[in-house]
Amino acid sequence: MTYDPFSALTFITGPAILTNACAILQNGATTRYNLAVTQWREFQASFAADEDRLSLLYVDPDRALSLAERRIHLQLRALGLLNAGVALFGVTSICGLIGVFLVQALSVPPGAVSLFMAAAGGAALTAMLAAIGALFIEGACGRDMVRLHHRLSTVARRRTPLPQRAERPEA
C-alpha cells in the first residue's frame, strides 16, 4: 500500500476552511448584533422618555420592542454557537496534525484518531449549522419589524414624483 501525503492535508485543511467560514459568520453576526443593540437602546430610551416616536414608526410599538429583544437574544445564541464552532474546528485541525504524527511515529491506530476527528468535526458542523439557523430566525424577526412599519410612509414616498432630468439641447 502506498503512502498518500495529501490525505493528511485533507483532514487538516477541511476543518481549517470551516474555521474561516465560522469566523466570517462571526464578523457579520457581530456587526448585526451591534446594530440591533443600538436600535434596542433607542427603543428603550423612547419608552423611558414616554415619547410617541415609536408609535409614529410602528403600528405596534410593544411588538417592535419585543422583536428587537428577541433579535438580540438570537444573535447572542448564534455568536456563542459560532464561537463553539470555531473552537471545535480548531481542535479538529490540530488533532488532524497531531494524529498524523501519532499514526506515523508512534503507531497509534488510525481508527481512534479518525473517530475523534469525526466526532469533533461533526460537533463543530452541528454548532455552525445551529448558528446559521438562529441567524435565519433573527432575520425573520427583522422582516417582522419591517412589516410593523406604518404603510403611510411608504405610500407617501411612492407618490412623490421623481425629479425630471433636464434635457440637453441637440446640436
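Quick note: the coordinates plus some simple rules give every number you see, no bench work behind them. Here the structure is a predicted model, which means the values were calculated and not measured. Please note: Cβ atoms are built from the backbone with ideal geometry, for glycine as well, and neighbour counts cover all protein chains shown.
Contour minus end-to-end for His73 and Phe47, with contour as 0.36 nm per residue of separation and end-to-end as the Cα-Cα distance?
That pair, His73 and Phe47, stretches by 7.4 nm at full extension.
Using a 7 Å offset from the Cα along the Cα-to-Cβ direction at both Leu57 and Ala140, what is the distance between the two label points in nm, to one decimal?
2.4
Any chance you could check the Cα centroid distance between the range 34-64 and the range 79-154 for me, in angstrom?
So the separation of the two Cα centres works out to 34 Å.
With the Cα gyration tensor of the range 5-156 in hand, convert its eigenvalues to equivalent ellipsoid semi-axes via √(5λ) and list them largest first in whole Å.
Equivalent ellipsoid of the range 5-156: 47, 12, 11 Å, largest first.
May I ask you to derive the FRET efficiency for Val108 and Ala87 from their Cβ-Cβ distance with R0 = 30 Å, giving the value to the nearest 0.05?
That pair, Val108 with Ala87, gives E of 0.80.
Run the numbers for Leu148 and Asn27: contour at 0.36 nm per residue of separation, minus the present Cα-Cα distance, in nm.
40.8 nm
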